[in-house]
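**Student:** Quick one: the structure is below, and I'll ask about it shortly.
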Amino acid sequence: MARYLSLCAVATAPLSAFVQGASATGDLASCNVHGGAGQCSSSAPKTRHQVASEHLLLQVAGSRLSTALAMHGPQDVGSSGCSGMPDVKRKCSDDGCRVLAGDMVGLTCNEFCHRSGRTCVSAWEEVNDDCASQQVLRCDETYGTTSDLLCMCSSVLVGLSTNAMAVSSSQLIWSDEFEGNEVDQSKWNYETGGGGFGNSELQHYTHHSAQVHDGALRITAKCEEYEHEHYTSAKLTTQHIVSWGPGHRVEVRAKAPVAQGTWPAIWMLPVDDAYGLWPTSGEIDIMEAVGCTENKIFGTVHTGAYNHMHNTQAYGSRQLQVAEWHTYALQWEEEGLQWFVDGELFGSFAPTHRSSEKWPFSQDFYLILNLAVGGAWGGSCLHGNGPSCAPGSEFSQGQVMEVDYARVYKV
């Protein structure tokens with residue numbers, strides 16, 4: 001669940017002052033993106049821990065902050081064909097499967113297509129950083145010291161080393177089946193509070209919005225006045241309790257609300273900011289769905305090299321009736337990440353180069369379950385407004401994300 005920060009009137013503030021929680025020019029002012037340019041509200045300065053926990057994206061010019069850009073989610077790129085492949089400099093076909101591939105010195109189109117779990121269909125040397133070709137290549141052929149190649153990848157995912165989850169060789173090492181009548185706080189923390197979370201979200205996270213009964217966790221987002229915010233919801237994390245890294249599969253069976261303004265997510269963040277603040281230390285979205293993009297799920301990574309701010313986000317997507325029960329899984333191996341829904345592969349990510357800019361995923365991450373309201377992506381279809389709270393409206397009734405279980409296997 002990517003977090004974004006739009007900053008106003010702080011471009012001259014020293015970065016060190018911001019990280020330490022005190023701006024040299026005064027309090028941090030966070031912009032209300034939906035409210036139009038220049039509309040900002042003052043908030044208290046944040047400590048470094050708060051900044052890290054909300055993983056706000058900061059763009060730095062020298063030792064100064066620059067204003068962040070417009071916010072978008074993966075839906076801006078599309079979700080058909082080969083959308084979401086990493087290191088695409090230019091799309092050369094309507095389905096996005098024929099592309100100008102960057103970062104290709106000494107590499108082949110076989111290796112490029114494999115980054116997103118696809119096979120190479122055809123390969124060419126490009127003419128001048130465009131979609132024209134000057135020489136046909138084999139899929140396993142490099143071309144001198146060129147940094148770009150034209151590659152055509154299969155639209156069908158075949159996966160990395162395997163396209164099936166390693167169920168037979170797995171060992172269940174952690175789970176919550178959500179039995180009983182309350183959240184098990186030996187397994188989950190409540191994250192409470194509001195303020196937009198750097199992403200113009202509208203909810204205030206509370207304890208009472210997460211309940212367990214009838215063998216399921218129920219996170220309810222609804223219209224409710226709570227500490228200056230008009231909606232409440234819940235967010236649970238395993239931070240400081242348990243975490244996992246490569247060699248594991250995380251599996252969550254859930255169903256999600258579909259009302260406009262809902263933003264349910266199953267995702268992971270790093271235990272430590274080993275490579276710096278978000279997104280450089282990574283984020284893994286196992287499943288996101290927004291009511292503004294009907295019946296579509298996304299599995300996405302955010303890193304220093306691959307993120308929406310550079311229009312380089314790497315993701316997979318699938319059309320799905322999200323209001324029905326589905327099992328979402330992340331297979332996390334040293335070679336790469338693979339996303340599954342109901343046992344079917346819908347995304348892969350395995351960059352050829354393993355610098356932390358592209359692969360910060362050799363460290364432990366913790367699990368997060370939450371249901372946001374509005375936000376840069378979740379409220380993108382509401383034209384600057386929050387969901388209606390009128391009697392009989394969807395949010396007056398409450399929107400519910402249900403989780404049957406969360407399980408982690410060693411593979």
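**Student:** Per residue of the range 263-268, in order, report the coupling 6.51 cos²θ - 1.76 cosθ + 1.60 (Karplus, θ = phi - 60°) as ³J(HN,Hα) in whole Hz, putting x for Gly and Pro.
**Tutor:** Couplings: 8, x, 8, 10, 8, 9 Hz.
**Student:** Continuing with the same structure: What ³J(HN,Hα) values, in whole Hz, does the Karplus curve 6.51 cos²θ - 1.76 cosθ + 1.60 give for the range 92-101 when θ = phi - 60°, with x put for Gly and Pro?
**Tutor:** 10, 8, 4, 8, x, 8, 9, 9, 8, 9
**Student:** Name the residue farthest towards the positive end of the dipole of the range 129-215 from the options SER186, ILE173, THR146, assuming +1 on Cβ of Lys and Arg, -1 on Cβ of Asp and Glu, about the Cα centre.
**Tutor:** Of the options given, the answer is THR146.
**Student:** Solvent-accessible area per residue for the range 137-268 at a 1.4 Å probe radius, Å²?
**Tutor:** Roughly 43 Å² per residue, with all protein chains present.
**Student:** Give the lysines whose C-alpha is closer than 21 Å to that of LYS91, dropping any in the same chain fewer than 8 places away, or say none.
**Tutor:** LYS358
**Student:** How do LYS222, LYS187, LYS235, LYS89 rank by accessible surface area computed with a 1.4 Å probe, from largest to smallest?
**Tutor:** LYS89, LYS222, LYS187, LYS235
**Student:** In debye, nearest 20, what is the charge dipole magnitude of the range 240-342 about its Cα centre with +1 on Lys and Arg Cβ and -1 on Asp and Glu Cβ, if you could check?
**Tutor:** In total the dipole reaches around 320 debye.
**Student:** Need the full-extension length gain, ARG354 to SER388, defined as separation in residues times 0.36 nm minus the C-alpha distance. One decimal, nm.
**Tutor:** 7.7 nm
**Student:** Ordered by residue, what ³J(HN,Hα) values in Hz, to whole numbers, does the range 269-285 give under the Karplus form 6.51 cos²θ - 1.76 cosθ + 1.60, where θ = phi - 60° and Gly and Pro are x?
**Tutor:** Those phi angles translate into 10, x, 5, 10, 7, 4, 10, x, 5, 3, x, 5, 8, x, 8, 10, 9 Hz.
**Student:** When the solvent-accessible surface of protein heavy atoms is calculated with a 1.4 angstrom probe, in what order do GLU191, GLU357 fall, highest first?
**Tutor:** Highest to lowest solvent-accessible surface, that is GLU357, GLU191.
**Student:** Can I ask one more? For an R0 of 41 angstrom, estimate the FRET efficiency from the Cβ-Cβ distance between GLU141 and GLU344 and round to the nearest 0.05.
**Tutor:** According to the calculation, E is roughly 0.80.
**Student:** Using only the alpha-carbon atoms, what does the range 289-370 span along each of its principal axes? Please give whole angstrom values in decreasing order.
**Tutor:** Result for the range 289-370: principal-axis Cα extents of 38, 26, 23 Å.
**Student:** Suppose each label sits 7 Å from its Cα in the direction of the beta carbon; what would the GLU177-LYS410 distance come out to in nanometres?
**Tutor:** 2.1
**Student:** So, with a 1.4 angstrom probe, what is the percent of accessible area on the range 174-329 that is carbon and sulfur?
**Tutor:** Result for the range 174-329: 43 percent of the exposed heavy-atom area is carbon or sulfur.
**Student:** Here's something else I'd like to know. Might you report the magnitude of the Cβ-based charge dipole of the range 77-203 about its Cα centre, with Lys and Arg at +1 and Asp and Glu at -1, to the nearest 20 debye?
**Tutor:** The dipole magnitude comes to about 420 debye.
**Student:** Sort the range 328-411 into rounded, prolate or oblate with this rule: let a ≥ b ≥ c be the square roots of the eigenvalues of the Cα gyration tensor; rounded if a/c is under 1.5, and if a/c is not under 1.5, prolate when a/b is larger than b/c, oblate otherwise.
**Tutor:** Judged from the Cα gyration tensor, the range 328-411 comes out prolate (a/c at least 1.5, a/b above b/c).
**Student:** Using only the Cα atoms, work out Rg/Rh for the range 266-411, with Rh taken as the Kirkwood radius, to two decimals.
**Tutor:** We get a ratio of 0.99 for the range 266-411.
**Student:** Test of understanding: extend the Cα→C-beta vector of THR327 to 7 Å, then name every residue of the range 222-259 with backbone N under 18 Å from that spot.
**Tutor:** 248-256
The values are calculated or read from the model by the stated rules, or taken from the named source; none is laboratory data. All figures in this text were calculated on a predicted structure; none of them were measured in a lab. When we count neighbours, we look across all protein chains shown, and the Cβ atoms used for this are built from the backbone with ideal geometry, even at glycine. Remember, those area values only see protein heavy atoms, side chains included, never the ligands or the DNA or RNA. Shrake-Rupley method; radii C 1.70, N 1.55, O 1.52, S 1.80 Å.
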